[in-house]
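Comments concern the structure below.
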Amino acid sequence: MRSPGTVVAVVPARAGSKGLPGKNLRTVGGRSLVRRTVESLLRAETVDLVVVSTDGDAIAAEAEAAGARVVRRPPELSGDEASSESAVLHVLDLLADGARGEENTGTGAPVTRATPPPSSIPPAVVLLVQATSPFIDPADVDTAVRRVRDGHADAVFAATPSHAFLWRTAEDGSARAVNHDAAVRPRRQDREPEYRETGAFYALAHDRFRATGHRFSGRVEFVVVDPRGAVDVDDAADLELAATLAERLDRPDPRDDQHRDQLPPAEQHRDQLPPAEQPRPEQHRDQLPPTEQPRLEQRPAGQPPAEQRPAPSDRPAPARWPLAPTQNGTP
């Protein structure tokens, strides 16, 4: 069991994209990719702070409008060669400097101001989240965070099952089987599934990640996510696919009064009930669309049953982490 601490989600979102210009602000289902990501994280029960790291003014404005904090990424971390890990480490450095009340004079990158925290305890878990994954399920994020926070794993990422036969081209131009014996062709049901990394999110033990600077170290696990939404938007074709899927996969947020009447009757007023009386998912399986009913039964080992998850009103108030002042002292 790791010591208690906050959970900080960092969303790297550069302004530059060669494959799909303005990618992070492209819309799926009427919302930009960065907004969709921020809103999914804010709905997760375990996430205390959402920070978007960007070098773009428009992305910063969109992220703040969605409810995230924003860190302006310095030029040396904004190029094509900059890794996502470097952006996360930069945010963690600012958080650490702010908790100590120090001035960050190394980057000169403007950041937003936060309310001083009640303590200087560093985060227990850091989430690296990709803005180009438009269908992140907050429940999957919570499962990953709990596996790390409770000490079962050092890194947990999103993955989806795959039965694909993979090939690569050899030096002589011929095809070579990668994950199977080409001379044996088993039926799909006779093959154990492999799991494809979706890139949507990575829950990481803070101390280990700070020590290694890499997302995969120590004990690594994955959370199986819905393959229907395992889309990573890198080009125009991905964006078109995501827009089509949004018509099927997007569900109204029960907290939004404008869409409350679009929810099943049992969910329309659930947030108005006392926590002890709020219906749990298991009680209303038969009200879900048939394609979604099995998902409640196929959660990976380690996820607590629904009745053991804290009700939203029982959660502690989000911790407010300070970000270090800039070189000129302005937020």
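The values are calculated or read from the model by the stated rules, or taken from the named source; none is laboratory data. Since the structure is predicted, the reported quantities are computational estimates derived from the model, not experimental observations. Cβ coordinates were reconstructed from backbone atoms using ideal geometry, including for glycine residues, and neighbour counts include every protein chain displayed. Heavy atoms of the whole protein, side chains included, go into the accessibility calculation; ligands, DNA and RNA do not. Shrake-Rupley method; radii C 1.70, N 1.55, O 1.52, S 1.80 Å.
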Q) Restricting attention to segment 77-94, which residues are open to solvent by 30 Å² or more (accessible area, probe 1.4 Å), among the acidic types (Asp, Glu) and either over 19 Å from His214 (Cβ atoms) or in contact with a Lys or Arg (Cβ under 8 Å, 6 or more places away or on another chain) (or both)? A) Asp80
Q. When the residues of segment 165-213 are filtered to those that are free of Cβ contacts under 8 Å to residues at least 60 places away in the same chain and of a type in the set (Ser, Thr, Tyr), which remaining residue is nearest to Asp142 (Cα to Cα)?
A. Tyr195
Q.
Which residue is least open to solvent (accessible area, probe 1.4 Å), if the candidates are limited to segment 211-254 and must be more than 17 Å from Thr27 (Cα to Cα) and among the hydroxyl-bearing types (Ser, Thr, Tyr)?
A. Ser217
Q: Might you check whether a residue that is without any contact (Cβ under 8 Å) to a residue 40 or more places away in the chain and under 18 Å from Ala200 (Cα atoms) occurs anywhere in segment 47-58?
A: no
Q | Scan of segment 66-90 for residues that are assigned to a helix (DSSP H, G or I) and either over 18 Å from the mean Cα position of the chain (by Cα) or more than 23 Å from Arg31 (Cβ to Cβ) (or both), ordered by number | A | Pro75, Glu76, Leu77, Glu85, Ser86, Val88, Leu89, His90
**Q.** Extreme residue, nearest to Asp232 (Cα to Cα), among residues of segment 147-201 that are in a loop (DSSP other than H, G, I, E, B), in contact with a strand residue (DSSP E or B) (Cβ under 6 Å, 6 or more places away or on another chain) and small (Gly, Ala, Ser)
**A.** Ala153
Q. Counting only residues that are out of contact with any Phe, Trp or Tyr (no Cβ under 9 Å at 6 or more places or on another chain), open to solvent by 50 Å² or more (accessible area, probe 1.4 Å) and among the hydrophobic types (A, V, I, L, M, F, W, C), which one in segment 142-175 is farthest from Gln189 (Cα to Cα)?
A. Trp167
Q: Could you list, in sequence order, all residues of segment 180-210 that are open to solvent by 90 Å² or more (accessible area, probe 1.4 Å) and among the aliphatic types (A, V, I, L, M)?
A: Ala183
Q: Considering only residues that are farther than 28 Å from Glu76 by Cα and touching a helix residue (DSSP H, G or I) at 6+ places or on another chain (Cβ under 7 Å), look in segment 30-60 and name the one that is most open to solvent (accessible area, probe 1.4 Å).
A: Arg43
Q) Say we look at segment 1-29 and pick out the residues that are of a type in the set (Ser, Thr, Tyr) and open to solvent by less than 40 Å² (accessible area, probe 1.4 Å); which of these is nearest to the chain's Cα centre (by Cα)? A) Thr6
